[in-house]
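Report on the following structure.
Values quoted throughout were computed directly from the atomic coordinates according to the rules given, and no laboratory measurement underlies them. The structure presented is a predicted model; accordingly, all values stated were derived computationally and were not measured. No Cβ is skipped: glycine too gets one built from the backbone with ideal geometry, and neighbour counts run over all protein chains shown.
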């Protein structure tokens, strides 16, 4: 009778924070998994590039290629270690006041990972001044303006990009701005049409456009259309953390948490996905709920210890939905809103304000909804409940 | 035009990748690379452990020997010696400026939130019980500048936490018990050390001092006849330099003046070029003390940035400033005390008047010109 709880404890220990150090007894025991250089072509390519750059660290073309590959890995796996490794590859040029344009673009991306949006925009503007047709710089610039809820700026940015990019990308760029400014129905229709008219578009481009479409449909409250777009995006088979997180959020809202556990199985290394796993496990009463929560708590603690504040949105959601720590959730959501103003940022602030019964705290979001005409059934419903608090 | 070429190729690749990156700006939660370093200090020794992620070590040392994506205990165990050497070379501990020895014991493993770590047991032996414990942490600095070492430092006064990493590779921790004198002494030692390793300062000073024992005038070598006059010349130059750099070191450290470091570093390099060339084509031979004063003001800003990097203690700022400054002067004095008798002894030789004064000055000017180019254009030309 005494055996069982101990046995259970042993099962969850490995996922908890720093237990006691131990000495494995078996040489074949697997301690860690890393990208397999012998079988995984992506890992082999990265390894080869790294070796070449080590021989020739001043080789700009090589450094840029390696950094770009690292960014791809960040998008695919959500592992921020690659950001630091990209920074290392670019180190000889990063401190320059006017680095070569490819480095300047990559530096802007590094800066925005750190939420240093002003500096990132300054770099992107410099790249675009030299080359107005620079699609990727324009794309990043638009993305940052969207995060900061500068929709007029984003619209102008999309317009400048349009002649230089593909019709599908141009349509998706415009649609995301339109959907944020009271024209969600036309935005969805035109994006769907663009997807239909350009079936030959590349898989990453379709993935991006479909994810945007799914989000717009979800906000409009058309769950069936959102579901279809998410499925079509998943069917492309590309690893993409953002898509997984958005899809998981959709399923959680639909009360389909069990599907999230399947969708994200084994993807917990990315913090954003571990958060969704923890939320789904809690909703379904899954046995792993406590372990997921403990691991996430430990990661937030570790991030705080290293002075990192770029994860406030996720931590606020964690504090509210899992820890039930309303004051902390509200404080984090308010700080986050100062920096980032997308639908998810608005939502966590409304939810935390509701839980705290503090309508004033949500006032900035209410003003933002008024001013932009941002369409979202969920946000509008939450906002109505906040107004009732008064 | 290689740069242009790179840019064109890069642009072509971009049009394909175009807009797919758009969303990354939304940002994700981070669990980047961290190591966990805990140390407890007791008298002249410290003990603790250092947990380093296997994934990070794999990047540095390719732990996954067979490349199958799995790091086994056997693979790890075989590399324990290399790991200890690698890590040990990237953590330097000092007690009041003097190096401590670091022993790394038998490694174990432990699980953290983002994977398995190797655990290095540490034993630190210092030449004295540290008043100021210095930690120079450079682990993975060249592989991942976002790597951090999360330090828990146990002291008799309680536990302290700090973040180690490339942003502040050298950190100092006052362990409380030391009196004002010990702190002063610690900064003094740093001051001495930094003038000795600050080659641009030394070369500037030497360039000014070289003609103190003799000079070329009207194509003739005129050695100085009386030691006293060489001595006063040196004293005047050293004093001017000292007064000038003490003024700006103090003003900058106390926060009254601040200059961009690129400007300061470039001006320091330029001062070395001018001082050295002045020995070959004299412009102001008898007024070298004025040059020492004018450029000394610039060098003071350079010292101030070194002092700022060392970390300034709250509350005892003046003590640190004076200690560091006195240290710089003593270090400088030591250099002069070695230089002057030697130069005096050989001043009549061909070696001194040709090889040292002319050849040496030209070599110094050339080296400093490269530094100047590096600092102005922010490029790396020299391998060190």
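For region B:192-266, take the convex hull of the Cα atoms, compute a quarter of its surface area, and give me that in nm², please.
7.0 nm²
Taking the alpha-carbon set of region B:181-377, what are its Rg and Dmax in Å?
17.1, 57
Taking every pair of Cα atoms in region A:21-66, average 1/r, invert it to obtain the Kirkwood radius, and report Rg/Rh to two decimals.
Value, to two decimals: 1.22.
Which one of A:258, A:179, A:131 has the biggest mean-square fluctuation once chain A is modelled by GNM with Cα springs under 10 Å?
For chain A, modelled as a Gaussian network with Cα springs under 10 Å, the answer is A:131.
Using only C-alpha positions, report the orientation-averaged shadow area of the convex hull of region A:167-238, nm², one decimal.
Across all orientations, region A:167-238 yields a mean hull projection of 4.1 nm².
As a test of understanding, state the convex hull volume per residue of region B:34-178 from its alpha carbons, in Å³.
101 Å³
For chain A, set up a GNM with springs between Cα atoms under 10 Å and report which of A:81, A:312, A:341 has the largest fluctuation.
Judging by the Gaussian network model, the answer is A:81.
With r defined as the distance between the Cβ atoms of residue A:52 and residue B:226 and R0 fixed at 60 Å, what FRET efficiency is calculated, to the nearest 0.05?
0.40
Given that compact globular proteins tend to follow 2.2 N^0.38 Å, what is the ratio of the alpha-carbon Rg of region A:309-390 to that value?
0.98
For region B:102-234, report the % of Cα-Cα distances exceeding 27 Å.
49 percent
Classify chain A from the C-alpha gyration tensor, please: rounded if a/c falls under 1.5, else prolate or oblate depending on whether a/b exceeds b/c.
Note, shape of chain A comes out oblate.
For region B:65-126 and region A:21-54, compute the distance between their C-alpha centroids and round to whole Å.
18 Å
How many nm separate the modelled label positions at residue A:26 and residue A:118, each set 7 Å beyond the Cα in the direction of the Cβ?
5.7 nm
Would you tell me the mean number of C-beta atoms belonging to other protein chains that fall within 10 Å of each C-beta in A:78-90, as a whole number?
What the average comes to for A:78-90 is 6.
Given N residues in chain B, what is Rg(Cα) / (2.2 N^0.38 Å)?
1.23
What number in nm² do you get for the protein assembly as shown if you take the convex hull of its Cα atoms and divide its surface by four?
39.8 nm²
Pull out a ≥ b ≥ c, the square roots of the eigenvalues of the alpha-carbon gyration tensor of region A:123-219, then state rounded if a/c is under 1.5, prolate if not and a/b is larger than b/c, and oblate in the remaining case.
oblate
Mind checking the full-extension length gain between residue B:43 and residue B:287? Use 0.36 nm per residue of separation minus the Cα-Cα distance, one decimal, nm.
Gain in length upon complete extension: 82.6 nm.
Choose one answer from A:126, A:43, A:137: the residue with the largest mean-square fluctuation in a GNM of chain A with alpha-carbon springs under 10 Å.
Maximum among the listed residues: A:43.
How high is the FRET efficiency from residue A:162 to residue B:106, r the C-beta distance, R0 56 Å, rounded to 0.05?
According to the calculation, E is roughly 0.35.
Rounded to the nearest 500, what is the protein assembly as shown's calculated 222 nm mean residue ellipticity when only DSSP H runs of at least 4 contribute -39500 (n - 2.57) each, over all residues?
Roughly -19500 deg cm²/dmol at 222 nm, from the helical runs in the protein assembly as shown.
From a point 7 Å beyond the Cα of residue A:258 in the direction of its Cβ, which residues of region A:267-300 have a backbone N at a distance under 11 Å?
Only A:284 fall inside the zone, counting backbone N under 11 Å.
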